[in-house]
Amino acid sequence: MTAARTFLRDTGLIFTRTAREAKGNAGLAFVAPTLLSVFLIVLFQAAYGQIAEVSGWPTDRFIDWVAPGAVLLSVFVGAGYTAGGLLRDADSGYLDRIRLLPAHPATVLAGKIGFEAARAIIPATAVLLVAITLGADNRNGLPGGIAVISLAVALAIAWNGIFYYSALATRNHAAVLGLQPLFMPVVMFSTFWVPPDFMPGWYATVAIWNPFTPTLDATRSIMLGATDWAALGTGLGLLAMLALLTYGLAGRHYAAATAAD
Amino acid sequence: MNESRNVLEAPGATAGRAVGLVFRRQATAALRDPGPHFVLPALPALLMTVVFTALFDRIGDAPGYDAGGLDRSHAGGYDAFLIPGVVMLVALLGAGATSASLAADLRSGYFERLRLLGARPGTHLTGRLLFEAVRLLPGTAVVLGVGLVFGGDNRNGIVGLALVTMLVAMLGMAYSGVFYTVAIRTTDPQTPFQLQPLGLPLAFLSTALVPLGVMPGWAETIARWNPVSPVVDASRQALTGDPWAGELPGAVALLAGIIVATHALASLTLRRRLAGS
């Protein structure tokens, strides 16, 4: 068996182990991110839905504007799950036992990150379906839906890099948990709730330069049926840069932690 | 510490002094860790003040808004409407921190030791409840100050501010009884963190953020029955209307009733738990 096939097989085993753990903790892994995202769009729709009736609002209904963000929000509110699991593995000696085996240590990271990407599909799909049920536009049908979910997966991989870096750099559960609210300013100071024309100048400037905004705008453009390819390219590029940076740094800490004594 | 021991051990110790000692114990613990007790309660309301005044200002132009009670001639517009409501989030999203120590005390056997000393466990709830009200005051002051900078209006000067602060403190006390009841039943120090999200629907499905006229029918129905709505209406009246109008006595009476009800429920739950242990 080639080294690459061995690596893939071992990564698959870690993926399966992580998935089995998540299945036993489905409330935290899948249900909470879904419910929180749905909960927030329902509450905001109830309180601020009428803003879509104001002259200049770009979509038919408020939910058309916020639904794409809600799909991505499920990634943010569920972030850090497997990074926390990696810390538990380090605490329990699991990573040390891996070192005694012929498996490449990187398979642990690869398997967990792979599962993190797969995990994002379930809440993102559920939120998308609820949003469509509540009346949100999805003018590109199934291909559009798949594209939106794919963007959620890309965001999940990149955003969780921050949690992996924090976990491996600090080895502290509290530090990983403490990163959870980081998404709030990222979401609040973007085009998540209203278009830039509805913001004061300073706020619009922050929102336009927010690195999350291109991904959000691209997701929205897909659901509204007029894909913004420039935003899509920029968003994916920024996510790739975030992933390279965070996983690069995390990988260095991980290599140091799993190196032979 | 000596004074504390003497009061709790003395058979004739007054409930008032015991409540004061519990209050001081809570205050001392909170001052050692001021972030969760004094800073965190204000953060969600502060964030919402900055974000909502910026993002949703134009909802004042939506159809139905006038019918909802916004005075369009008012200089502050939606911002003036929002600030007396959003300040209530200091209580709704920041209440209950002292329930963590209540659960921890139940777990550690602290209450068992109190029974040996003859102290009344109910004083622990009252002392905590009073501290809960005081704990919210700095956050309320900060949110009101920032809110006024971000477009809030105060036509009634210090009287208006004092009345709003009193309403936030009373709302925090009323809501804390729910946290105490759950903390006593679960003995889980994580109780405040688990219950805090409940403050969101209480705020959003009330008149705190928007008037009834712009809500969909189902939300309007809930908001009319939501006890937070009359409190918010009184707060709004205190800052931008006649502070002594009918809303204020009604809200104070409602909050007093809820404080008594939730505190009685927590006391009953505590008595049953201690009787069963």
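Any read-out appearing in this document is the output of simple, stated calculations on the displayed coordinates, not a laboratory observation. Just so you know, these numbers come straight off a predicted model, no measurement behind them. When we count neighbours, we look across all protein chains shown, and the Cβ atoms used for this are built from the backbone with ideal geometry, even at glycine.
Given +1 at the Cβ of Lys and Arg, -1 at the Cβ of Asp and Glu and no other charges, the dipole of the protein assembly as shown around its Cα centre is 2040 debye to the nearest 20. Pairs of Cα atoms nearer than 8 Å and 6+ residues apart set the relative contact order; for chain A it is 24 percent. Once you reduce segment B:81-139 and segment A:123-155 to the center of their Cα atoms, the two points are 43 Å from each other.
Over segment A:190-261, Cα pairs under 8 Å with separation of 6+ residues give a relative contact order of 23 percent. Between A:Ala32 and A:Glu53, the distance separating the two model label sites (each 7 Å from Cα on the Cα→Cβ line) works out to 3.8 nm. Taking segment A:190-218 and a reference point 7 angstrom along Cα→Cβ of A:Leu238, the backbone N atoms nearer than 13 Å belong to A:190-192, A:205-218.
Note on B:Ala162 and A:Ala174: their simple-model spin labels are 4.1 nm apart, each label 7 Å out from Cα toward Cβ. Across A:Thr11, A:Thr215, A:Thr170, mean-square fluctuation computed from a Gaussian network of chain A (C-alpha pairs under 10 Å connected) peaks at A:Thr170.
A simple packing score, the average count of other Cβ atoms within 10 Å per residue, orders the peptides B:156-163, A:182-189 as A:182-189, B:156-163, with the highest score first. Cut-off 17 Å, label point 7 angstrom out along Cα-to-Cβ of B:Trp218: give me the residues of segment A:105-135 whose amide nitrogen falls inside. It comes to A:127-135, nothing else. Here the Karplus curve 6.51 cos²θ - 1.76 cosθ + 1.60, taken at θ = phi - 60°, turns the phi angles of segment B:14-27 into couplings of 7, 4, x, 5, 5, 4, x, 5, 5, 4, 5, 4, 5, 5 Hz, with x standing for Gly and Pro.
Relative to the Cα centre, the charge distribution of segment B:2-276, modelled as +1 at Lys and Arg Cβ and -1 at Asp and Glu Cβ, gives a dipole magnitude of about 1300 debye.
Axis of helix A:106-133 versus longest Cα principal axis of chain A: the two differ by about 20°, to the nearest ten degrees. Across peptide B:204-211, the average count of Cβ atoms from other chains found within 10 Å of a residue's Cβ is 3. Packing here is the average count of other Cβ atoms within 10 Å per residue, and on that basis the peptides A:237-245, A:2-10, A:49-57, highest first, run A:49-57, A:237-245, A:2-10.
Taken residue by residue and averaged, Cβ atoms of other chains lying within 10 Å of the Cβ of B:255-265 number 0. Potential lengthening of the chain between A:His104 and A:Ala257 amounts to 53.8 nm, from the contour at 0.36 nm per residue minus the alpha-carbon distance. Once you reduce segment A:17-33 and segment A:213-261 to the center of their Cα atoms, the two points are 23 Å from each other. Each residue of segment A:51-68 was assigned a 3J(HN,Hα) from its phi angle through the Karplus curve 6.51 cos²θ - 1.76 cosθ + 1.60 (θ = phi - 60°); the sequence is 5, 5, 7, 6, 4, x, 5, x, 10, 5, 9, 4, 5, 4, 6, 8, 4, x Hz, with glycine and proline shown as x. Under Stokes-Einstein, with the Kirkwood radius over Cα pairs as Rh, the value for segment A:3-258 at 25 °C and 0.890 mPa s is 129 µm²/s.
Between the residues B:Gly172, B:Phe131, A:Val206, the greatest Cα displacement towards the positive end of the dipole of the protein assembly as shown, with unit charges on the Cβ of Lys, Arg, Asp and Glu, is found for B:Phe131. About its Cα centre, the dipole of segment A:3-258 is roughly 1000 debye, where the only charges are +1 on Lys and Arg Cβ and -1 on Asp and Glu Cβ. Over chain A, dividing the summed -39,500 (n - 2.57) contributions of all DSSP H runs of at least 4 residues by the number of residues returns a 222 nm mean residue ellipticity of -24500 deg cm²/dmol.
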